[in-house]
Amino acid sequence: MKSLPVVRPQGVRYERDSTFSYACHACGRCCYHKIIHLNPYEVARLAQNRGISTTEFLSHYTAANGTAVKQQNDGACIFLTSQGCGVHSDRPLVCRLYPLGRQVTAEAEEWFSETAPHPESEGEYSTDGTVEEFLTTQGAQPFIEAVDRYVELVGQMSHVLLTKTIHDAKAQQHVEELIEGFVQGQDQEISVMLDMDQIVGRFCADQGVPIPSNVNEKMDLHIQVVEEWLHNE
């Protein structure tokens with residue numbers, strides 16, 4: 001029997017204490033034709049999952065200059081296998097949140113909304129829990145904290161660089177392009193800054209200190225190095 005189309009409410013705003021529950025049954029239908037954006041923390045987690053450096057991971061598994069997961073020829077995520085997600089334990093935040101999307105305002109106000117599911121999704125919705133409980137079961141919080149830190153880093157970049165060039169329109173345009181390049185990975189120099197292992201490895205070699213093996217500690221150092229680069233730019 002063909003599955004009935006899944007119809008879900010659109011435009012509904014959810015808070016963390018809102019009623020929501022979703023059980024994924026690994027049908028894989030949501031894993032096609034999606035642009036899965038990555039931040040350096042997610043790249044580091046996935047690289048560790050594959051047992052390679054972030055430099056190698058960015059080269060082999062990403063598109064859009066390292067800012068998105070590569071797709072297979074049929075549009076499937078490169079990590080989708082016949083058994084399901086091949087990197088499930090380290091999957092990116094957007095995959096953990098599905099079928100929710102997360103929005104954060106400039107005032108740091110957070111809320112969630114539902115994304116349109118695949119019409120033949122085998123996932124099951126219910127009212128047996130809350131958004132907070134769903135996030136906990138998906139292990140989303142460390143990823144949420146990481147993305148917020150990198151968003152803050154881009155904000156620092158905007159403030160520091162634009163402040164230095166506020167009276168020079170041409171320089172200001174260059175800085176705006178530089179910021180966009182950092183976010184989208186379009187500028188070669190900036191794209192290198194997204195490569196956590198390369199940046200952290202270079203810093204540790206210069207300082208004569210060991211490279212952290214823990215991804216969270218490595219992220220802390222990566223952000224520190226980029227902040228220092230910003231203030232010296």
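The values are calculated or read from the model by the stated rules, or taken from the named source; none is laboratory data. Everything numeric in this text was worked out from a predicted model, so none of it was measured. Virtual Cβ from ideal backbone geometry, glycine too; neighbours counted across all protein chains shown.
A few comments on the model shown:
- Single residue of the stretch 25-54 satisfying the filter (surrounded by fewer than 16 Cβ atoms within 10 Å (Cβ to Cβ) and among the small types (Gly, Ala, Ser)) that is farthest from Ile199 (Cα to Cα): Ala26
- Close Cβ contacts (under 9 Å, 6 or more residues apart or on different chains) running from residues in the stretch 105-133 that are closer than 16 Å to Arg16 by Cα to residues that are surrounded by fewer than 15 Cβ atoms within 10 Å (Cβ to Cβ) and hydrophobic (A, V, I, L, M, F, W, C) comprise Glu110/Val104; Trp111/Val104; Ser113/Val12; Glu114/Val12; Ser126/Ala23.
- Hits in the stretch 69-123 - residues which are surrounded by 12 or more Cβ atoms within 10 Å (Cβ to Cβ), assigned to a loop (DSSP other than H, G, I, E, B) and among the aliphatic types (A, V, I, L, M): Ile78, Val87
- Every condition in (1) under 30 Å from Val69 (Cβ atoms); (2) loosely packed, with under 13 Cβ neighbours inside 10 Å; (3) modelled with pLDDT of 90 or more holds for Asn216 except the one numbered (2).
- Any hit, the stretch 182-195, residues being closer than 28 Å to Gln48 by Cα, modelled with pLDDT of 90 or more and hydroxyl-bearing (Ser, Thr, Tyr): no
- Total residues in the stretch 31-87, condition touching a residue at least 12 places away in the same chain (Cβ under 8 Å), farther than 19 Å from His118 by Cα and of a type outside the set (Phe, Trp, Tyr): 25
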